[in-house]
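Taking it in order: structure first as structure tokens, then the write-up.
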Amino acid sequence: MSKQFILDSSELSQWHKLVREAEQDYGCHLDEAMQSYLVFTLMRFAKNSQLNAHALALDYLNAHHLSGSLRSEQLRDIGDQCLLVSGLYPQSAEKRQVGVTYYVDMGRSAYHNISTVTQKGIAELYQQLSESFVLLMDLLQTIRQYSSPALQPIAAMDLWQKTGSQAAFKQISTNGQPVHGSLLTKIKKH
């Protein structure tokens, strides 16, 4: 599937259009708050060459020693990076010898922790991010699919089994049917 990425003059409108196309292709619709959050996260990290350059688990642990807004900002950055790595760069998880679900779990936890310590309106957004993490990851993987497959078949199977990721399921499906177990065993042997 080929998508045109340079459609509007502003970076913001380009990201919005790309997210809306992914929603359409994936078959879902985000509310305005979730869509905006995803777009601004993509914009904020689009030019960050240091994404997943160091162990986020250490940052996660260190964030719990911070207080107030510093803690929330650190956890937000961790959640955002986990979302982007799991959605756009899942191969980097394999390079770090951890599964994509490692990033899913840490990202969900980071967003959830923010929701427990912030004001009500903001808390609701971060709780929604925690609960919708897999959906947002799937949308990012849909975007990733525009240029190349997001995951290797074995990693897609693992992600689908552990998180229920529909994007991973689509990647391992053939004509709407999951890859047969014996075929998967043959793939693992090679």
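Only the coordinates and a few stated rules stand behind these numbers; no lab work does. Source: prediction; values computed, not measured. For neighbour counting, all protein chains shown are included, and Cβ atoms are generated from backbone atoms with ideal geometry for every residue, glycine included.
Selection of the range 39-59 for residues being more than 17 Å from the chain's Cα centre (by Cα) and surrounded by 16 or more Cβ atoms within 10 Å (Cβ to Cβ) yields only Asp59.
Let's see how each residue does on (1) buried (at least 24 other Cβ atoms within 10 Å of the Cβ); (2) more than 12 Å from the chain's Cα centre (by Cα):
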{"residue": "Asp77", "(1), (2)": "no, yes"}
{"residue": "Val85", "(1), (2)": "yes, no"}
{"residue": "Tyr89", "(1), (2)": "no, no"}
{"residue": "Gly99", "(1), (2)": "no, yes"}
{"residue": "Tyr111", "(1), (2)": "yes, yes"}
{"residue": "Ile122", "(1), (2)": "no, yes"}
{"residue": "Leu125", "(1), (2)": "no, yes"}
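Lys95 fulfils the conditions (1) within 25 Å of Ser147 (Cα to Cα); (2) of a type outside the set (Val, Ile, Thr); (3) touching a residue at least 40 places away in the same chain (Cβ under 8 Å) except for a single criterion, (3). Pairs linking a residue in the range 39-64 that is closer than 16 Å to Tyr103 by Cβ to a residue that is assigned to a helix (DSSP H, G or I) and among the acidic types (Asp, Glu), with Cβ atoms under 7 Å and 6 or more positions apart or on different chains, are Thr41/Asp80; Phe45/Asp80. Scanning the range 60-70 for residues that are surrounded by 10 or more Cβ atoms within 10 Å (Cβ to Cβ) and in a loop (DSSP other than H, G, I, E, B), we see that the one that is farthest from the chain's Cα centre (by Cα) is Leu66.
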